[in-house]
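Everything below concerns the one structure shown next.
The values are calculated or read from the model by the stated rules, or taken from the named source; none is laboratory data. From a predicted model like this one, the values you see are computed outputs, not experimental measurements. Cβ placement follows ideal geometry from the backbone for every residue including glycine, while neighbour counts extend to all protein chains displayed. Each accessible area value is taken on the protein alone, full model and side chains, heavy atoms only, with ligands, DNA and RNA left out. Shrake-Rupley method; radii C 1.70, N 1.55, O 1.52, S 1.80 Å.
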Amino acid sequence: MRTTLRGALVTLRPATADDVPELARIRATPEVRRWWRGGDDLAAEVADELADPDAERLVIQRAGATVGLIQWSAEEDPDYRHASIDIFIDPAVHGLGLGTDALRTLARHLVDAHGHHRLSIDPAADNAAAIACYRKVGFRGVGVMRRYERGADGTWHDGLLMDLLAEELTG
């Protein structure tokens, strides 16, 4: 996807290699790293992720400044077709509605331009801020995925599977 999307508060544009330093800086903040993890060389990890063709990655910008990343991938089997989304936002701009706007903007694009009838997202079950953001867009909890992901401490943590049907998208 080489499309730039415009929301009420943010612009979503295709990520490039030039975005790696700023995205790595955001990923390194304790508030983001807690959920997105990463090794000692976050810049290399971000660069590898941007090069991965299995997902579309868009930089989230506010007034021309990079404030995060939103990515999506699609299950193309016609019997299970849907899109999955992930997002992170710089903690310096948390609470301004930028994540909600970015998620709503991408969700609308996935429904209208790509014909997806269902979207999913899977935050950590104890990531209350993310879950509240996703609910504002219309995502609903489907169920807890027990011991879904391994944390930085080596223990398993629950995830919350959330989905959104096209007609439930708010805004």
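Summary table below
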item	result
Condition met for residue 74 (in contact (Cβ under 8 Å) with a residue 12 or more places away in the chain and either part of a loop (DSSP other than H, G, I, E, B) or over 17 Å from residue 100 (Cβ atoms) (or both))	yes
Answer from 105, 29, 16 - the residue that is open to solvent by less than 60 Å² (accessible area, probe 1.4 Å), under 23 Å from residue 163 (Cβ atoms), at pLDDT 95 or above and not small (Gly, Ala, Ser)	105
Flag if residue 63 is without any contact (Cβ under 8 Å) to a residue 24 or more places away in the chain and among the small types (Gly, Ala, Ser)	yes
Criterion violated by residue 34 - all others in (1) assigned to a loop (DSSP other than H, G, I, E, B); (2) open to solvent by 60 Å² or more (accessible area, probe 1.4 Å); (3) modelled with pLDDT under 95 satisfied	(1)
Hey, residue 9 among the aliphatic types (A, V, I, L, M) and either open to solvent by less than 50 Å² (accessible area, probe 1.4 Å) or modelled with pLDDT under 95 (or both) or not	no
Every residue from the range 112-171 that is assigned to a helix (DSSP H, G or I), touching a residue at least 40 places away in the same chain (Cβ under 8 Å) and closer than 15 Å to residue 34 by Cα	130
Evaluation of residue 24 against (1) surrounded by 16 or more Cβ atoms within 10 Å (Cβ to Cβ); (2) assigned to a loop (DSSP other than H, G, I, E, B); (3) out of contact with any strand residue (DSSP E or B) (no Cβ under 8 Å at 6 or more places or on another chain) (one fails), failing number	(2)
